[in-house]
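The values are calculated or read from the model by the stated rules, or taken from the named source; none is laboratory data. Bear in mind that the values here come from a model prediction, so they are computed numbers and not experimental data. Here the Cβ is made from the backbone with ideal geometry for all residues, glycine too, and neighbour counts use every protein chain on show.
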Protein chains: 2
Amino acid sequence: MRLSRSFIPTLKENPAEAQIVSHRLMLRAGLIRQTASGIYAWLPAGLRVLRNISQIVREEQNRIDAQEVLMPTLQSADLWRRSGRYDAYGPEMLRIQDRHKRELLYGPTNEEMITDLFGQSVKSYKELPQVLYHIQWKFRDEVRPRFGVMRGREFLMKDAYSFDVDFDGALTTYYRMLLSYLRTFQRLGVRAVPMRADTGPIGGKLSHEFLILASTGESGVYYDAELADQDWLDKPVDVNDPKDMQLFFNRVMVPYAATDEMHDVAAWETVPVERRREGRGVEVGHIFYFGTKYTEAMDISIAGPDGNKLYPEMGSYGIGVSRLAGAIIEASHDENGIIWPDSIAPFKAAILNLKSGDELCDALCERIYAASPDTFLYDDRPERAGVKFADADLMGHPWQIVIGPRGAKAGMVELKRRATGERQELAVDDALALVLAG
Amino acid sequence: MRLSRSFIPTLKENPAEAQIVSHRLMLRAGLIRQTASGIYAWLPAGLRVLRNISQIVREEQNRIDAQEVLMPTLQSADLWRRSGRYDAYGPEMLRIQDRHKRELLYGPTNEEMITDLFGQSVKSYKELPQVLYHIQWKFRDEVRPRFGVMRGREFLMKDAYSFDVDFDGALTTYYRMLLSYLRTFQRLGVRAVPMRADTGPIGGKLSHEFLILASTGESGVYYDAELADQDWLDKPVDVNDPKDMQLFFNRVMVPYAATDEMHDVAAWETVPVERRREGRGVEVGHIFYFGTKYTEAMDISIAGPDGNKLYPEMGSYGIGVSRLAGAIIEASHDENGIIWPDSIAPFKAAILNLKSGDELCDALCERIYAASPDTFLYDDRPERAGVKFADADLMGHPWQIVIGPRGAKAGMVELKRRATGERQELAVDDALALVLAG
């Protein structure tokens, strides 16, 4: 895109309403605008980030044979009465009446709806296991929305739901999903550490939170360095091989990791001192195994192997997609702005024309831009070099391709890596090859 | 996908609640399920259709330099008070109170929000024209929702909004969008005829509806065959060349076309009899030019070329994305089921294993399936051949690759084209090449 023609309204000043760095930077970099308390519009650059995150989440869900569906945002109150949660859920549930005075609600989560859809169609244990997920907007009527998209009211979430015949099957599905999450977060360019967690309002017996380490995190975290340092992409786990899954289980369940809520000092002290890590974390994912809680409450059964009716064992698995955009910035920024991981950056590179109007500079910029107009942001504005450098740092493109009159004459550009600040002079084609390979 | 492992719950019987063919077929083919009155969940095959439609719409919007954003589903009532529409809008608007008794609404359209976002950021005529769009769920509280996704309450719509300096600019944008729509619908595999229309609650001065021809359509249509027979993909129009745009204008504005509401019998009778076409149509798109209606009402101005304040001229442009899934079925089906256009089919082909369990058949099916597991639906169920044929016809895959024991021995398959019923015996690789080229 050409910046001069783009709807990417950057701000020079820090907006007064933003208390944390990710909120400030998302507003300043023109990614989002608030349209009502805790409700945001995603502008073109922000939407690219949101879509890049969603796509990685989707690919990793598909990899473990989860099937994507799309449930609506509004649900009927009656559905929630069947599980008993309609009255139990507090004022965070947005309750709505339609023109016929029928009670609806804006879904904060979808256990009831997916269980009902499953029950309408699946009749036999032979059709299990099934994992269904969707990526959809949800609403929680926070009493005091803040921190931008980190604690908004309307938010985008990936939620998956699994159905298994028995406890062993459910546990296997749970660990397949846990592995999928570790891969997902690593591909997003951040490390999220899985920690045993309370089950809260979803209920259930086993639960892990995934926390990105960031000093502004809402929870204290304690973990064994061994857990955070593993490479989940490099050592593939065959999710269909029970032995491989057992080894994987040992890699994630044995090392210590807990939030302050679940912290066990005695266990912590068995971790070698040099491997103990303490800090703060932002929750970006949460997985639950809760057995037959919803299938029994809603009386959704299938035929079991013995012909008797069987209540499927369920789990649910969430990733905060819109929250991740903020959380990743909390974990990856400096005093000049955002540092986007390559995998989710809205643009791979900015093209900085230091002398717009100069024939050679303009021609070289156009040539570079033409190589990948959808993934480059070409700063063609008639602005001073300083403004362009500052905006590129603020927006956090992984690469900056800098074109000045001297270099243009020689067919050379300066290539800057945003994360390290490293700069190198390169021939145009070499710079292009490097950037487009990423 | 393997059908035995898929959440694609086909139905043998016609569901009683469905009055029109697209609703019946969408339920029977396992594309959607109703979760509340006029509200639907999209199951895996249905979501693929929805996403394929969205992607073509997106590509054609991007082609004319419209920029994608994503506005939230909920809006503040105060925003709508600024245009005067909050009180004017009838009971189709879903009005909501949050926990602090602040008034919200589920957006039925976004003129107010986009005008406000535009006004916050754009300050000068130099930044125009701008076209912004999003693809987002909307809600209209229909008094009597029916016809499945054709007249649902929660529906997916692409809505674009344009901002221009003056009338001439706005008109150029309007015709660029009109062209974009013609290309979009043609790529979706249907013909939608543009017709002059009333401006209704959006207001304004110039408006076209796009109607897909189908006998169940809600409007009568009268048009010159010349208009419907043009190929918008084959004769590219340079949208940046005023002469090219003028020629295009003559191609679409001169031939007669009107819905019964706007029908002009005197003009109609000037169309040569052999070119007169009458029928019924389903509205799938609607575009409006309404000038400064919203920018003036909301007092959103920018600096004009003469330094004085200027109210930008606007238009808005909708495509009913979820409605299209139904409308395309209305226009493309037979007594056995759906006939998906290649461009939006959930799967390119079904692989029909006529003898599951037979070693040769299974091996050949697996080999074909492995060539494109994401785009083939492999019917690996232990069902009779007749059931598999019927389900494949019902689901409407463009191709069926039929594998039986005799052919498997010879490395031959039968390839059936759903739209024509044409069958041919082909070597496996030739069949694969033909299907994957489409």
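Within the stretch B:26-42, residues that are within 7 Å of chain A (Cβ to nearest Cβ) reach partners that are charged (D, E, K, R) with beta carbons closer than 7 Å, at six or more positions or on different chains, in the pairs B:39/B:153; B:39/B:154; B:40/B:33; B:41/B:33.
Taking the conditions exactly as written (within 27 Å of residue A:135 (Cα to Cα), charged (D, E, K, R) and under 28 Å from the mean Cα position of the chain (by Cα)), does residue B:103 satisfy them or not? Walk me through how you get there before you give the answer.
Details: within 27 Å of residue A:135 (Cα to Cα): yes; charged (D, E, K, R): yes; under 28 Å from the mean Cα position of the chain (by Cα): no.
Taking the combined requirement at face value, the residue does not satisfy it.
Quick test for you: out of B:37, B:76, B:4, B:54, pick the one residue that is within 25 Å of residue B:380 (Cα to Cα) and polar (S, T, N, Q). Break it down into steps so the answer makes sense when it comes.
Values: B:37 fails: within 25 Å of residue B:380 (Cα to Cα); B:76 fails: within 25 Å of residue B:380 (Cα to Cα); B:54 fails: within 25 Å of residue B:380 (Cα to Cα).
From the options B:37, B:76, B:4, B:54, the qualifying one is B:4.
I'd like to check something: does the stretch A:329-345 contain any residue that is over 25 Å from residue A:209 (Cβ atoms) and either at pLDDT below 95 or basic (Lys, Arg) (or both)? Among the residues of the stretch A:329-345, not one is over 25 Å from residue A:209 (Cβ atoms) and either at pLDDT below 95 or basic (Lys, Arg) (or both), which makes the answer no.
State the number of residues belonging to the stretch A:1-17 that are touching a strand residue (DSSP E or B) at 6+ places or on another chain (Cβ under 9 Å) and more than 13 Å from chain B (Cβ to nearest Cβ).
Step one: list which residues in the stretch A:1-17 are touching a strand residue (DSSP E or B) at 6+ places or on another chain (Cβ under 9 Å), which gives A:1-9, A:17.
Restricting the remaining residues to those that are more than 13 Å from chain B (Cβ to nearest Cβ) gives A:17.
Residues in the stretch A:1-17 being touching a strand residue (DSSP E or B) at 6+ places or on another chain (Cβ under 9 Å) and more than 13 Å from chain B (Cβ to nearest Cβ): 1 in total.
Scanning the stretch B:73-93 for residues that are at the interface with another protein chain (Cβ under 8 Å from one of its Cβ atoms) and touching a strand residue (DSSP E or B) at 6+ places or on another chain (Cβ under 8 Å) gives B:73, B:74, B:75, B:76, B:79.
Determine, yes or no, whether residue A:58 is under 25 Å from the mean Cα position of the chain (by Cα), more than 23 Å from residue A:154 (Cα to Cα) and more than 8 Å from chain B (Cβ to nearest Cβ).
Details: under 25 Å from the mean Cα position of the chain (by Cα): yes; more than 23 Å from residue A:154 (Cα to Cα): no; more than 8 Å from chain B (Cβ to nearest Cβ): yes.
No, not satisfied.
On inspection, residue A:20 does not qualify as at pLDDT 95 or above, buried (at least 17 other Cβ atoms within 10 Å of the Cβ) and in the same structural domain as residue A:173 (by TED's automatic domain parsing).
Using the structure shown, decide if residue B:127 is assigned by TED's automatic domain parsing to the domain that holds residue B:78 and touching a helix residue (DSSP H, G or I) at 6+ places or on another chain (Cβ under 6 Å). Before the answer, list the steps.
Numbers: assigned by TED's automatic domain parsing to the domain that holds residue B:78: yes; touching a helix residue (DSSP H, G or I) at 6+ places or on another chain (Cβ under 6 Å): no.
Judged against the criteria, residue B:127 is not a match.
Looking across B:325, B:345, B:331, B:350, one residue alone is in contact (Cβ under 8 Å) with a residue 24 or more places away in the chain and within 28 Å of residue B:406 (Cβ to Cβ). It is B:350. Candidates B:271, B:282: the one that is of a type in the set (Val, Ile, Thr) and surrounded by 24 or more Cβ atoms within 10 Å (Cβ to Cβ) is B:282.
Mind checking whether some residue in the stretch B:199-206 is without any contact (Cβ under 8 Å) to a residue 60 or more places away in the chain and closer than 27 Å to residue B:111 by Cβ? Yes, there is a match, as at least one residue in the stretch B:199-206 is without any contact (Cβ under 8 Å) to a residue 60 or more places away in the chain and closer than 27 Å to residue B:111 by Cβ. For the stretch B:400-427, give me the residue count where each residue is over 18 Å from residue B:347 (Cβ atoms) and of a type outside the set (Ser, Thr, Tyr). Adding up the residues that qualify gives 16. None of A:430, A:374, A:391 is among the charged types (D, E, K, R), free of Cβ contacts under 8 Å to residues at least 12 places away in the same chain and either surrounded by fewer than 17 Cβ atoms within 10 Å (Cβ to Cβ) or assigned to a helix (DSSP H, G or I) (or both) except A:430.
Taking residue A:51, is it assigned by TED's automatic domain parsing to the domain that holds residue A:176 and either in a loop (DSSP other than H, G, I, E, B) or surrounded by 19 or more Cβ atoms within 10 Å (Cβ to Cβ) (or both)? Judged against the criteria, residue A:51 is not a match.
Highlighted here are the strands (runs of 3 or more DSSP E) found entirely within the stretch A:102-198 that include at least 3 residues which are more than 14 Å from every other protein chain (Cβ to nearest Cβ): A:192-196. Among the residues of the stretch A:54-79, the ones that are outside any loop (DSSP other than H, G, I, E, B) and crowded, with 23+ Cβ neighbours inside 10 Å come to 5 in all.
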